[in-house]
1. Surrounded by fewer than 19 Cβ atoms within 10 Å (Cβ to Cβ), in contact (Cβ under 8 Å) with a residue 12 or more places away in the chain and out of contact with any helix residue (DSSP H, G or I) (no Cβ under 7 Å at 6 or more places or on another chain) - does that describe any residue in the stretch 256-263?
2. Name every residue in the stretch 133-147 that is part of a loop (DSSP other than H, G, I, E, B) and touching a strand residue (DSSP E or B) at 6+ places or on another chain (Cβ under 6 Å), in order of residue number.
3. I'd like to verify a number: residues in the stretch 27-46 that are farther than 25 Å from residue 90 by Cα and touching a strand residue (DSSP E or B) at 6+ places or on another chain (Cβ under 7 Å), how many?
4. Looking at (1) under 20 Å from residue 210 (Cβ atoms); (2) surrounded by fewer than 19 Cβ atoms within 10 Å (Cβ to Cβ), can you tell me which one residue 170 breaks?
5. Among the listed residues 135, 116, identify the single one that is closer than 28 Å to residue 30 by Cα, touching a helix residue (DSSP H, G or I) at 6+ places or on another chain (Cβ under 8 Å), touching a residue at least 24 places away in the same chain (Cβ under 8 Å) and crowded, with 19+ Cβ neighbours inside 10 Å.
6. Can you name every residue in the stretch 26-48 that is outside any loop (DSSP other than H, G, I, E, B) and under 19 Å from residue 135 (Cβ atoms)?
């Protein structure tokens with residue numbers, strides 16, 4: 001039986017996703033990550049990657065990347081590991097409890113002033129800001145680091161949002177997105193051109209042309225599900241994700257969002 005996300009536009013998206021592998025976006029040596037979340041292949045219960053995830057309800061200590069230069073998201077502490085679950089449509093995701101579950105990848109040398117981040121995300125509450133992904137220790141206005149970015153669910157309230165920061169922060173927020181809500185969200189940033197764009201379910205939603213200052217996105221750990229592993233925890237679930245240190249063409253972006261939606265069922 002087809003899930004809800006495979007009807008209508010979802011069916012078309014699934015068709016476009018046939019044969020597409022986001023690892024191909026890295027053919028010229030780009031930096032970033034592809035996190036496909038495949039049980040028994042890229043998901044493991046332990047941080048060492050010796051015990052495969054084989055069923056819903058199992059903890060995830062390693063979510064391997066298939067491109068981009070790093071091993072994957074890791075959580076060495078059993079108490080802090082997200083849980084592999086199947087949603088109502090039978091799609092796999094990593095559930096984060098909003099209290100103490102998070103993962104991190106070793107420092108990524110981004111080496112560019114461009115970034116495209118695309119992920120399937122479900123948020124269960126709008127009561128507090130939640131980090132889906134963030135580089136560094138605080139991408140917000142109070143953070144001292146330059147060259148950082150974040151995808152947030154929510155960012156302020158009933159929304160999804162992104163922060164992109166060279167030496168100054170620029171942000172975009174998609175409003176009227178009250179929890180519980182599942183989306184494919186794409187954040188696009190370029191420091192030198194002061195580009196910040198936010199797409200929800202394959203459609204442009206919000207943007208900002210505020211000055212991002214100078215520089216490139218820097219070399220920082222990449223956190224998933226929390227701010228630096230100490231707070232701003234995600235209350236919801238993460239589906240597969242991709243981040244890359246360049247802007248995508250319109251055709252590449254359409255393929256990536258269709259691929260992501262086939263694994264998320266958001267639209």
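Only the coordinates and a few stated rules stand behind these numbers; no lab work does. Treat the numbers as computed from the prediction; the structure is a model and nothing was measured. Quick reminder, even Gly has a Cβ in these numbers, built from the backbone with ideal geometry, and neighbours come from all protein chains shown.
1. Looking for residues that are surrounded by fewer than 19 Cβ atoms within 10 Å (Cβ to Cβ), in contact (Cβ under 8 Å) with a residue 12 or more places away in the chain and out of contact with any helix residue (DSSP H, G or I) (no Cβ under 7 Å at 6 or more places or on another chain), one finds none in the stretch 256-263, hence no.
2. Correct list: 136, 139, 141, 147.
3. Counting residues in the stretch 27-46 that are farther than 25 Å from residue 90 by Cα and touching a strand residue (DSSP E or B) at 6+ places or on another chain (Cβ under 7 Å) gives 3.
4. (2) is the only condition that residue 170 fails.
5. Checking each option against the conditions leaves just 116.
6. Filtering the stretch 26-48 down to residues outside any loop (DSSP other than H, G, I, E, B) leaves 26, 32-35, 39, 43-44.
Answer for the stretch 26-48, where residues must be outside any loop (DSSP other than H, G, I, E, B) and under 19 Å from residue 135 (Cβ atoms): 26, 32, 33, 34, 35.
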